[in-house]
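One structure below.
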Amino acid sequence: MTTLTAACAFGVIAVLIFVLGYIAFQGISSLSWQFLVQTPKPVGEGGGIGNAIVGSLILLGLASCVGIPLGIIIGTYLAEMGDGWFGTIVRFVADTMIGIPSIVFGVFVYAVVVLQQGYFSTLAGALSLALIMIPIVTRTTEEMVRLVPKSMREGALALGAPQWRVTKDIVIPAAMTGIATGAMLAVARVLGETAPLLFTAFGSRFYNIYLDEPMASMTVQIYNYAISPFEEWHAKAWAATLVLVTLILFINIIVRFLTRRKY
Amino acid sequence: MEHRIIDQQLDLLRDKLLLLGGTTEAALERAMRSLTARDSDLAREVLEGDKIIDQMELDIDRFSVEILALQQPAAHDLRFVISVAKITPILERIADHAGSIAEAALILNDEPELKKYIDLPLMAENAAEMLRTALDAFTSEDAAASRRVIEQDKVIDKCYHRVFDELITMMIDNPVTTASAAHLLFVAKHLERIGDYVKDICELNVYLTEAAFIKHSPRLEAA
Amino acid sequence: MSKISVSDLNFFYGKAQALHDISIDIPEREVVAFIGPSGCGKSTFLRTLNRMNDTIPIARVEGKVMIDGKDVYEPNTDVASLRRKVGMVFQKSNPFPKSIFENVAYGIRINGIHKNRADLYERVEKALNDAALLGEVKDRMNTSAFGLSGGQQQRLCIARALAVQPEVILMDEPASALDPIATQKIEELIVELKKQYTIAIVTHNMQQAARVSDRTAFFMLGKLVEVNPTQKMFTNPDEKLTEDYITGRFG
């Protein structure tokens, strides 16, 4: 039994290492400082993904600012008070949203925001990403908050703490590591999304910080590079992928570090 | 759940106590017979048998402590073990008195008979019957019977005073008898003490059944 | 006047009645132990005293629970201040995911008892001292409470309860998960705390009830069968049921 599980674990890790290694192998040759800071240029002139990195981080930051707090609040509500019919409905909606393909959110925001306003925008892109994040954060938060032992809540209640303080001071801190993991999952998921951004943030060839203009993103840039017929751009797609994966890895490590169990 | 581990142990403890009680009864009866029938061999047997009684006492002591430590009895169980632990040395002392009577018999049997024993056998019979009833009452946890036995002790006390007066008179009238009469006086005293001890056993039975301490409280004793 | 006076208390989980006509008076600075088989209602009863059962939506209470002459089930009772006055220690030690210091400070903070930071420190130290824990933790007040041993965690929870200056302490099998040495420490602590507090303790360990309590109450099937001085309870109980229970005649 131990041998079998060890073999399975080894198999999974081997696949992961192969994928990462292959990406690194393919991408490392095109990686350079210029690649990281320059904007895209025509074939043969070099160019990079500098604007796409910044764009992705802005989109991700905006989406996280909305999606993570909202998800935590809704998830905590579901865990602490969501046993009634309303909670059941919210939970059902969240579950359904998790199952919806991400392109649907892109199309939805395209129809509701982009078409109404008449232009692609950073805000629209961030909104579609936030919509993907909310149900993921909600459900993981609910699971994690439910895992906090009843005895811990009772300990605080027995000291005369009102319910909201018990939730804020005891339950959420106790579940923080798990909630952070859930948030990380959501962040990693949307950082890798391309489809919803094609309809919303669209993409851009320039550095941009304005939220009401189209915004470049790494995934869209990778998409553009990858579907081109040029060998040089294919290499750039690999390099951009390597940067994306590294970025996700770093965000993971940083969040782990920040939310490590202090007590 | 009527079959508790402690039940077996308590039953065994009771059996051990009754065996000690029976042996003590027999020792008393034989000691008196060695005196009245002038049978010195029997008296020596009684003295020999005292060692066995001492062993029984030690055995019950050890077993009581073991039950207290390992079974941690409560309520009635606790009172039972405590009562047994307190009755055991009382029985041993009664047996010691029987031994002393046998010793007196050894001396008196070598002397000429002073007179026919009448009151002493009567006292002894009374004491033996009290002891038997007291042990029965303990087995059946009959507090009423125990209280009757306590009353019965007065008969022995009365008898003792009569014998005492009689023997003193004998000593004054006929100083030659003084040594023998003194020994008989001790025998009477032993029997009187045995009556008191039986009373203590009865008080412990009342404690066992009613959880009431009637020792040193004449008012309750009368109740 | 009794510190706690319960009369004709009935308790329901939905339609199931868990407590039947419980009446008991607990004087100030008495330790009363609640014993009885599992599911007899002794813990439920304990939790009616500080309204911890309020967290169960289907629970319903009838009858009176008077503490210092005030009915705790009056509609205008402030549950938070009731629970501050009637502290509770649970079966499983349940420290918060905070430092040792913050665990004890929490109750003081939320109730706003302290005047300033120095006062807060003093109160935390006093509570830890009263719970016989200060010596063992004073060099690591800012480390995690989870780093303490089981017995220390339970004493930390007692310190936490003491910090908000309760008058009554309810203990729900406080030593059932502890080894004999840690149990003994808790028991010694209870005897010590008796000088200042009224204590109600639920326990499955009858020797423990015998050792620490002044009076013992025996519960069975949601009824209070007998309450008597502990000494009488364990040598000569009034009720046959009690005798059968404490001598192990039924499980």
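For this structure, a couple of remarks:
- Scanning the range B:63-89 for residues that are within 21 Å of the chain's Cα centre (by Cα) and surrounded by fewer than 19 Cβ atoms within 10 Å (Cβ to Cβ) returns B:Ile82, B:Lys86, B:Pro89.
- Residues satisfying the stated conditions in the range C:44-84, i.e. polar (S, T, N, Q), open to solvent by 10 Å² or more (accessible area, probe 1.4 Å) and away from chain A (no Cβ under 12 Å): C:Thr44, C:Asn76, C:Thr77
- Residue that is surrounded by fewer than 15 Cβ atoms within 10 Å (Cβ to Cβ), of a type in the set (A, V, I, L, M, F, W, C) and part of a helix (DSSP H, G or I), where the choices are B:Val163, B:Val187, B:Val176: B:Val176
- Where A:Ser151 falls short, out of the listed (1) within 14 Å of chain C (Cβ to nearest Cβ); (2) in contact with a helix residue (DSSP H, G or I) (Cβ under 7 Å, 6 or more places away or on another chain); (3) open to solvent by 20 Å² or more (accessible area, probe 1.4 Å): (2)
- Some residue of the range C:218-225 being within 29 Å of B:Phe80 (Cβ to Cβ) and open to solvent by less than 10 Å² (accessible area, probe 1.4 Å): yes
- Hey, B:Ala43 of a type in the set (Gly, Ala, Ser), touching an Asp or Glu at 6+ places or on another chain (Cβ under 8 Å), at negative phi and open to solvent by 30 Å² or more (accessible area, probe 1.4 Å) or not: no
- Residue list for the range B:107-116, restricted to those being within 21 Å of B:Glu45 (Cβ to Cβ) and open to solvent by 40 Å² or more (accessible area, probe 1.4 Å): B:Ile107, B:Asp110, B:Glu111
- Residues located in the range B:166-213, provided they are within 14 Å of another protein chain (Cβ to nearest Cβ) and in contact with a Leu (Cβ under 9 Å, 6 or more places away or on another chain): B:Val206, B:Ala212, B:Phe213
- Positions within the range C:226-251 being over 13 Å from C:Val31 (Cα atoms), touching a residue at least 60 places away in the same chain (Cβ under 8 Å) and either of a type in the set (Asp, Glu) or more than 10 Å from chain B (Cβ to nearest Cβ) (or both), in sequence order: none
- Number of the condition not met by A:Thr88 [criteria: (1) within 17 Å of the chain's Cα centre (by Cα); (2) open to solvent by 50 Å² or more (accessible area, probe 1.4 Å); (3) hydroxyl-bearing (Ser, Thr, Tyr)]: (1)
For (1) modelled with pLDDT under 95; (2) over 19 Å from the mean Cα position of the chain (by Cα); (3) assigned to a helix (DSSP H, G or I), each residue gets a yes or a no:
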| residue | (1), (2), (3) |
| --- | --- |
| B:Glu2 | yes, yes, no |
| B:Asp7 | yes, yes, yes |
| B:Leu17 | no, no, yes |
| B:Leu20 | no, no, yes |
| B:Thr24 | no, no, yes |
| B:Ala27 | no, no, yes |
| B:Leu35 | yes, no, yes |
| B:Gln55 | no, no, yes |
| B:Asp59 | no, no, yes |
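- Count - residues of the range C:103-124 that are surrounded by 18 or more Cβ atoms within 10 Å (Cβ to Cβ) and more than 14 Å from every other protein chain (Cβ to nearest Cβ): 1
- Subset of the range C:68-89 (residues that are in contact (Cβ under 8 Å) with a residue 60 or more places away in the chain and over 25 Å from C:His114 (Cα atoms)): C:Gly69
- The conditions of being of a type in the set (Phe, Trp, Tyr), in a helix (DSSP H, G or I) and touching a helix residue (DSSP H, G or I) at 6+ places or on another chain (Cβ under 8 Å) are met by A:Phe35.
- Residue within the range C:105-123 that is among the acidic types (Asp, Glu), assigned to a helix (DSSP H, G or I), modelled with pLDDT of 90 or more and under 15 Å from A:Leu159 (Cβ atoms) present: no
- Residue check, C:Ser38 open to solvent by 20 Å² or more (accessible area, probe 1.4 Å), among the hydroxyl-bearing types (Ser, Thr, Tyr) and either facing chain A (nearest Cβ under 9 Å) or farther than 21 Å from A:Trp164 by Cβ (or both): yes
- A:Gly71 in a helix (DSSP H, G or I), under 24 Å from the mean Cα position of the chain (by Cα) and buried (at least 19 other Cβ atoms within 10 Å of the Cβ): yes
- Qualifying positions in the range C:185-217 - open to solvent by less than 40 Å² (accessible area, probe 1.4 Å) and free of Cβ contacts under 8 Å to residues at least 40 places away in the same chain: C:Ile186, C:Glu187
- Selection count, the range C:125-141, where residues are in a loop (DSSP other than H, G, I, E, B) and either in contact with a helix residue (DSSP H, G or I) (Cβ under 6 Å, 6 or more places away or on another chain) or open to solvent by less than 50 Å² (accessible area, probe 1.4 Å) (or both): 4
- Tabulated pairs, the range C:128-156, first in contact (Cβ under 8 Å) with a residue 40 or more places away in the chain, second open to solvent by less than 20 Å² (accessible area, probe 1.4 Å) and of a type in the set (Val, Ile, Thr), C-beta under 6 angstrom, 6+ apart or interchain: C:Ala131/C:Ile158; C:Met141/C:Ile100; C:Ala145/C:Ile100
- Listed by position, the helices (runs of 4 or more DSSP H) enclosed by the range A:155-263 that each have at least 3 residues that are within 14 Å of chain C (Cβ to nearest Cβ) and open to solvent by 20 Å² or more (accessible area, probe 1.4 Å) are A:172-191.
The values are calculated or read from the model by the stated rules, or taken from the named source; none is laboratory data. These figures come from a predicted structure and were not determined experimentally. Reconstructed Cβ throughout: ideal geometry from the backbone, glycine too, with neighbour counts over all protein chains shown. Surface areas here come from the heavy atoms of the whole protein model, side chains and all, with no ligands, DNA or RNA. Shrake-Rupley method; radii C 1.70, N 1.55, O 1.52, S 1.80 Å.
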